[in-house]
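Worksheet: the structure to be examined is printed underneath.
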Amino acid sequence: MKNNDVELIASYWTLAGGAEPHTDHEYTVFDIKDRVEACAKVGFKGIGIWHADLLHTLERRPLDEIKHILDDNGMKHVELEFLGDWFLTGEKKKKSDIVKNDLLTAAEALGARHIKVGDFFHTDTPMPQVIESFAALCKDAEAVGTRIVYELMPFAMIDTLADTLTMLQSAGAKNGGIIFDLWHVVKLGIPYEEISRFP
């Protein structure tokens with residue numbers, strides 16, 4: 001494969017100047033048009049959009065306008081994130097469902113490649129509950145033509161390759177998968193050889 005055959009996505013945090021993770025200010029000070037044009041200028045073929053930034057952007061630009069900006073700049077891949085608490089019940093699940101619906105609506109309108117999901121709090125959750133929730137999430141995503149990708153992280157409720165594979169295979173969703181962030185992989189101490197063997 002030639003280097004110019006590889007299409008890269010600029011993750012949200014790549015260009016999220018001014019944004020502060022895990023605060024009330026997760027949106028960037030840079031307009032979506034400026035970010036997309038910057039991505040295109042240096043050769044990216046995709047861009048990531050964080051939920052809080054999506055809502056902030058929608059205060060000024062509707063989804064159809066955002067779609068035009070992406071298309072005009074050759075953005076073939078859109079990554080939407082982040083959905084947490086999707087595997088829980090009660091009030092946290094209700095709040096998660098609001099975010100889920102925002103992301104699904106945007107995914108359909110923008111033709112998103114995938115929606116990233118996971119957990120930041122090592123939430124102790126029975127595996128059958130996680131599997132059922134992941135399968136349901138994938139079904140919702142399938143209805144709008146996108147994928148659900150689980151981000152394996154050191155602080156997630158599932159934090160091993162083996163358990164992640166169990167979740168994915170048991171959910172049995174063709175549009176469900178895993179996404180590897182090398183920072184998280186290194187933090188978890190997973191050898192690259194194990195990553196290369198992951199189906």
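The values are calculated or read from the model by the stated rules, or taken from the named source; none is laboratory data. Owing to the predicted nature of the structure, the values given are computational and were not obtained by experimental measurement. With ideal geometry, Cβ positions are generated from the backbone for all residues, glycine too; neighbour counts draw on all protein chains shown. These area figures cover heavy atoms from the full protein model, side chains too; ligands, DNA and RNA do not enter into them. Shrake-Rupley method; radii C 1.70, N 1.55, O 1.52, S 1.80 Å.
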Subset of Lys116/Lys139; Lys95/Lys174; Lys33/Lys67; Lys33/Lys76 violating a 19 Å alpha-carbon distance limit: Lys95/Lys174
About the Cα centre, charge dipole magnitude for the chain (Lys/Arg +1, Asp/Glu -1 at Cβ), debye: 400 debye
Residues with amide H under 5 Å from that of Ile179, placed H, sequence gap 5 or more: Tyr150, Glu151, Leu152
Derived scalar couplings ³J(HN,Hα) [the stretch 146-162; Karplus, 6.51 cos²θ - 1.76 cosθ + 1.60; whole Hz; x for Gly, Pro]: 10, 10, 10, 10, 8, 8, 6, 9, x, 10, 8, 5, 10, 10, 10, 5, 4
Relative contact order (%) - the stretch 22-139, alpha-carbon pairs under 8 angstrom, separation at least six: 26 percent
For the chain: accessible area per residue (Å², 1.4 Å): 54 Å²
Cβ-based charge dipole, the chain, positive-most Cα from Met157, Phe44, Phe134: Phe44
Only Lys, Arg (+1) and Asp, Glu (-1) charged, at Cβ; the stretch 91-199 dipole about Cα centre in debye: 220 debye
Gyration tensor verdict on the stretch 1-147 (Cα atoms; rounded if a/c is under 1.5, prolate if a/b is larger than b/c, oblate otherwise): prolate
For the stretch 65-199: span of alpha carbons on each principal axis (Å, largest first): 41, 37, 25
Magnitude of the charge dipole, the stretch 1-43, Cβ model with Lys/Arg +1 and Asp/Glu -1, debye to 20: 240 debye
Among Phe120, Ile98, Ala143 the positive-end extreme of the charge dipole of the stretch 1-153 (Cβ point charges): Ala143
From phi via Karplus (6.51, -1.76, 1.60), per-residue ³J(HN,Hα) for the stretch 7-17 in Hz, x at Gly/Pro: 9, 9, 9, 7, 4, 3, 6, 4, 10, 8, x
Phi to ³J(HN,Hα) by Karplus 6.51 cos²θ - 1.76 cosθ + 1.60 over the stretch 171-184, Hz, x for Gly, Pro: 5, x, 9, 5, 9, x, x, 10, 10, 9, 10, 4, 4, 5
